[in-house]
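Each remark here refers to the structure printed beneath this line.
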Amino acid sequence: MAVVDLMVERVWPVAKQIVLSWNDSASEIFVLDLPRKEFGRILDVIIDATHDPVVLRFDGINLDQERVLNQNMRDQLVRASKMSTVHSIRGSLNANSNCYFYFWVDAEKRTIETEMVFWNDLSFPPGRTLEDHKEMLGRILRIAHRIRGENHQSKCILSPEYNSEPSELLKGGHKKVAIW
(Lines give C-alpha, C1' and ligand atoms only; values in the text may rest on other atoms or scores of the structure.)
Protein backbone atom coordinates (compact mmCIF):
# COMPACT_ATOMS: atom_id res chain seq x y z
CA MET A 1 0.00 0.00 0.00
CA ALA A 2 2.84 2.44 0.78
CA VAL A 3 4.15 2.07 -2.79
CA VAL A 4 0.81 3.18 -4.21
CA ASP A 5 0.64 6.11 -1.81
CA LEU A 6 4.07 7.17 -3.04
CA MET A 7 2.76 6.79 -6.57
CA VAL A 8 -0.13 9.14 -5.78
CA GLU A 9 2.33 11.74 -4.55
CA ARG A 10 4.57 11.19 -7.58
CA VAL A 11 1.78 11.65 -10.14
CA TRP A 12 -0.26 14.24 -8.19
CA PRO A 13 1.30 17.36 -9.84
CA VAL A 14 0.03 16.15 -13.23
CA ALA A 15 -2.97 14.15 -11.98
CA LYS A 16 -4.57 17.12 -10.23
CA GLN A 17 -4.63 19.02 -13.54
CA ILE A 18 -6.43 16.06 -15.12
CA VAL A 19 -8.88 14.87 -12.46
CA LEU A 20 -9.77 18.18 -10.80
CA SER A 21 -11.32 19.59 -13.99
CA TRP A 22 -14.99 19.90 -13.16
CA ASN A 23 -16.46 20.34 -16.63
CA ASP A 24 -18.22 17.03 -17.25
CA SER A 25 -14.99 15.56 -18.61
CA ALA A 26 -13.66 12.06 -18.21
CA SER A 27 -10.20 10.82 -17.36
CA GLU A 28 -8.63 7.53 -18.37
CA ILE A 29 -5.96 5.12 -17.32
CA PHE A 30 -4.61 2.85 -20.02
CA VAL A 31 -2.74 -0.32 -19.12
CA LEU A 32 -0.96 -1.38 -22.30
CA ASP A 33 0.31 -4.68 -23.65
CA LEU A 34 -0.91 -7.07 -20.99
CA PRO A 35 -0.58 -10.78 -21.81
CA ARG A 36 -3.93 -12.12 -23.05
CA LYS A 37 -3.49 -15.22 -20.88
CA GLU A 38 -3.96 -12.99 -17.80
CA PHE A 39 -7.46 -11.87 -18.72
CA GLY A 40 -9.10 -14.11 -16.09
CA ARG A 41 -6.86 -12.63 -13.38
CA ILE A 42 -7.67 -9.11 -14.59
CA LEU A 43 -11.41 -9.82 -14.39
CA ASP A 44 -10.90 -11.19 -10.87
CA VAL A 45 -9.29 -7.87 -9.91
CA ILE A 46 -12.34 -5.95 -11.16
CA ILE A 47 -14.73 -8.31 -9.37
CA ASP A 48 -12.75 -7.79 -6.15
CA ALA A 49 -11.98 -4.05 -6.47
CA THR A 50 -15.38 -2.68 -7.55
CA HIS A 51 -18.95 -3.00 -6.37
CA ASP A 52 -21.65 -4.64 -8.51
CA PRO A 53 -19.61 -5.06 -11.73
CA VAL A 54 -21.66 -5.71 -14.86
CA VAL A 55 -20.80 -6.55 -18.47
CA LEU A 56 -22.03 -3.97 -20.98
CA ARG A 57 -20.34 -5.23 -24.15
CA PHE A 58 -19.56 -8.88 -24.77
CA ASP A 59 -17.42 -10.04 -27.69
CA GLY A 60 -17.89 -6.77 -29.57
CA ILE A 61 -21.67 -6.60 -29.10
CA ASN A 62 -23.35 -3.99 -26.91
CA LEU A 63 -25.75 -5.89 -24.70
CA ASP A 64 -29.42 -4.88 -24.55
CA GLN A 65 -29.36 -5.75 -20.87
CA GLU A 66 -26.26 -5.65 -18.69
CA ARG A 67 -25.10 -8.94 -17.21
CA VAL A 68 -23.69 -9.41 -13.73
CA LEU A 69 -19.97 -10.17 -13.81
CA ASN A 70 -20.11 -13.42 -11.86
CA GLN A 71 -17.88 -16.50 -12.21
CA ASN A 72 -19.89 -17.88 -15.13
CA MET A 73 -19.79 -14.58 -17.05
CA ARG A 74 -16.07 -14.20 -16.24
CA ASP A 75 -15.40 -17.61 -17.81
CA GLN A 76 -17.45 -16.70 -20.90
CA LEU A 77 -15.43 -13.49 -21.33
CA VAL A 78 -12.15 -15.42 -21.09
CA ARG A 79 -13.31 -18.00 -23.66
CA ALA A 80 -14.49 -15.29 -26.06
CA SER A 81 -11.09 -13.60 -25.84
CA LYS A 82 -9.18 -16.26 -27.72
CA MET A 83 -9.91 -14.17 -30.83
CA SER A 84 -9.53 -10.40 -31.30
CA THR A 85 -12.51 -8.70 -29.71
CA VAL A 86 -13.75 -5.93 -27.42
CA HIS A 87 -15.52 -6.14 -24.06
CA SER A 88 -16.67 -3.51 -21.57
CA ILE A 89 -17.58 -3.62 -17.90
CA ARG A 90 -18.91 -1.07 -15.42
CA GLY A 91 -18.10 -1.26 -11.72
CA SER A 92 -18.93 1.15 -8.90
CA LEU A 93 -16.09 2.86 -7.05
CA ASN A 94 -18.46 4.37 -4.48
CA ALA A 95 -22.11 5.41 -4.23
CA ASN A 96 -21.68 8.25 -6.75
CA SER A 97 -18.91 7.09 -9.07
CA ASN A 98 -18.46 4.32 -11.60
CA CYS A 99 -15.45 3.15 -13.55
CA TYR A 100 -15.84 1.75 -17.04
CA PHE A 101 -13.34 -0.86 -18.19
CA TYR A 102 -12.77 -1.47 -21.89
CA PHE A 103 -10.72 -4.44 -23.04
CA TRP A 104 -9.19 -4.52 -26.51
CA VAL A 105 -8.03 -8.06 -27.21
CA ASP A 106 -5.45 -8.54 -29.97
CA ALA A 107 -5.26 -12.27 -30.77
CA GLU A 108 -2.33 -11.86 -33.16
CA LYS A 109 -0.14 -10.12 -30.58
CA ARG A 110 -1.71 -12.11 -27.73
CA THR A 111 -2.23 -8.94 -25.74
CA ILE A 112 -5.00 -7.04 -23.98
CA GLU A 113 -5.15 -3.30 -23.64
CA THR A 114 -7.23 -2.16 -20.69
CA GLU A 115 -8.82 1.27 -20.61
CA MET A 116 -10.33 2.58 -17.37
CA VAL A 117 -12.67 5.56 -17.74
CA PHE A 118 -14.12 7.63 -14.89
CA TRP A 119 -15.88 10.98 -14.73
CA ASN A 120 -14.04 13.70 -12.84
CA ASP A 121 -17.18 15.44 -11.54
CA LEU A 122 -18.37 12.23 -9.88
CA SER A 123 -15.08 10.68 -8.78
CA PHE A 124 -13.46 13.95 -7.65
CA PRO A 125 -16.39 16.25 -6.85
CA PRO A 126 -15.73 19.90 -6.02
CA GLY A 127 -15.82 20.77 -2.34
CA ARG A 128 -14.00 17.65 -1.16
CA THR A 129 -10.71 17.91 0.67
CA LEU A 130 -7.35 17.36 -0.97
CA GLU A 131 -7.03 14.24 1.19
CA ASP A 132 -10.32 12.90 -0.19
CA HIS A 133 -9.19 13.50 -3.77
CA LYS A 134 -5.85 11.80 -3.17
CA GLU A 135 -7.61 8.88 -1.51
CA MET A 136 -9.86 8.39 -4.56
CA LEU A 137 -6.90 8.70 -6.92
CA GLY A 138 -5.09 6.10 -4.80
CA ARG A 139 -8.05 3.76 -5.09
CA ILE A 140 -8.12 4.10 -8.88
CA LEU A 141 -4.32 3.73 -9.16
CA ARG A 142 -4.45 0.60 -6.97
CA ILE A 143 -6.95 -0.95 -9.39
CA ALA A 144 -4.70 -0.12 -12.36
CA HIS A 145 -1.67 -1.43 -10.46
CA ARG A 146 -3.47 -4.69 -9.71
CA ILE A 147 -4.61 -5.01 -13.32
CA ARG A 148 -1.00 -4.64 -14.46
CA GLY A 149 0.06 -7.25 -11.91
CA GLU A 150 3.60 -8.54 -12.36
CA ASN A 151 3.76 -7.26 -15.94
CA HIS A 152 6.16 -4.41 -15.25
CA GLN A 153 6.88 -3.98 -18.96
CA SER A 154 3.25 -2.87 -19.38
CA LYS A 155 2.91 0.89 -19.20
CA CYS A 156 0.14 2.68 -17.32
CA ILE A 157 -0.95 6.08 -18.61
CA LEU A 158 -3.25 8.56 -16.84
CA SER A 159 -4.65 11.16 -19.22
CA PRO A 160 -7.66 13.31 -19.92
CA GLU A 161 -10.16 11.64 -22.24
CA TYR A 162 -8.17 10.43 -25.25
CA ASN A 163 -9.73 8.87 -28.32
CA SER A 164 -6.68 7.87 -30.34
CA GLU A 165 -4.05 5.15 -30.10
CA PRO A 166 -2.87 5.33 -26.45
CA SER A 167 0.67 4.24 -27.34
CA GLU A 168 1.00 7.68 -28.98
CA LEU A 169 0.89 9.18 -25.48
CA LEU A 170 4.17 7.40 -24.71
CA LYS A 171 6.00 9.48 -27.32
CA GLY A 172 5.83 12.64 -25.21
CA GLY A 173 4.58 16.06 -26.13
CA HIS A 174 1.49 15.72 -23.95
CA LYS A 175 1.68 17.91 -20.83
CA LYS A 176 -1.30 16.38 -19.06
CA VAL A 177 -0.13 12.76 -18.97
CA ALA A 178 1.33 10.67 -16.16
CA ILE A 179 3.17 7.48 -17.17
CA TRP A 180 4.47 4.74 -14.90
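The values are calculated or read from the model by the stated rules, or taken from the named source; none is laboratory data. Everything numeric here is computed off the predicted structure, so don't read it as measured data. Note that each Cβ is placed from the backbone with ideal geometry, even for glycine, and that neighbours are counted across all protein chains shown. SASA here: full protein model, heavy atoms, side chains in, ligands and nucleic acids out. Shrake-Rupley method; radii C 1.70, N 1.55, O 1.52, S 1.80 Å.
Here are the numbers for this structure:
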{"quantity": "Computed helical MRE - 222 nm, the chain, DSSP H runs ≥ 4 contributing -39500 (n - 2.57), nearest 500", "calculated": "-11000 deg cm²/dmol"}
{"quantity": "Part-to-part distance (alpha-carbon centres) for region 46-90 and region 110-133, which is given in Å", "calculated": "21"}
{"quantity": "Positive-end extreme of charge dipole, the chain - chosen from 45, 73, 180 (charges on Cβ)", "calculated": "180"}
{"quantity": "Accessible surface of the chain, 1.4 Å probe, proportion on carbon and sulfur as whole %", "calculated": "49"}
{"quantity": "Pairs of Lys in the chain closer than 25 Å at Cα, counting only those 8 or more apart or on different chains", "calculated": "18"}
{"quantity": "Extended-chain gain in nm, criterion 0.36 nm per residue less alpha-carbon gap, residue 83 and residue 163", "calculated": "26.5 nm"}
{"quantity": "For the chain, built as a Gaussian network whose Cα springs stay under 10 Å, the top-fluctuating residue of 111, 129, 85", "calculated": "129"}
{"quantity": "Stretchable slack from residue 135 to residue 41, in nm (0.36 nm times residue separation minus alpha-carbon distance)", "calculated": "31.4 nm"}
{"quantity": "Restricting region 22-57 to chymotrypsin sites (Phe, Trp or Tyr not before Pro) in coil, as DSSP defines it, with at most 14 other Cβ within 10 Å", "calculated": "22"}
{"quantity": "Cα gyration tensor shape of region 134-180, rounded if a/c is under 1.5, else prolate or oblate by comparing a/b with b/c", "calculated": "oblate"}
{"quantity": "Net charge contributed by nearby residues that have their C-beta within less than 12 Å of residue 165 (K/R +1, D/E -1)", "calculated": "-2"}
{"quantity": "Qualifying GluC sites (Glu not before Pro) for region 70-129 [loop in DSSP, other Cβ within 10 Å: at most 12]", "calculated": "108"}
{"quantity": "Relative frequency of Cα-Cα separations exceeding 30 Å in the chain, percent", "calculated": "14"}
{"quantity": "Residues whose placed amide H lies under 5 Å from that of residue 111, excluding near-sequence neighbours", "calculated": "36, 106"}
{"quantity": "Of 92, 159, 123, the one that fluctuates the most in a GNM where the chain has Cα springs shorter than 10 Å", "calculated": "92"}
{"quantity": "Calculated over region 94-159: convex hull of Cα atoms, volume per residue (Å³)", "calculated": "98"}
{"quantity": "Per residue accessible area in Å² of the chain, where ligands, DNA and RNA are left out and the probe is 1.4 Å", "calculated": "52"}
{"quantity": "Long-range HN-HN contacts of residue 151 with modeled amide H, under 5 Å", "calculated": "none"}
{"quantity": "Region 33-85 - Kirkwood radius from inverse mean 1/r over Cα pairs (Å)", "calculated": "11.6"}
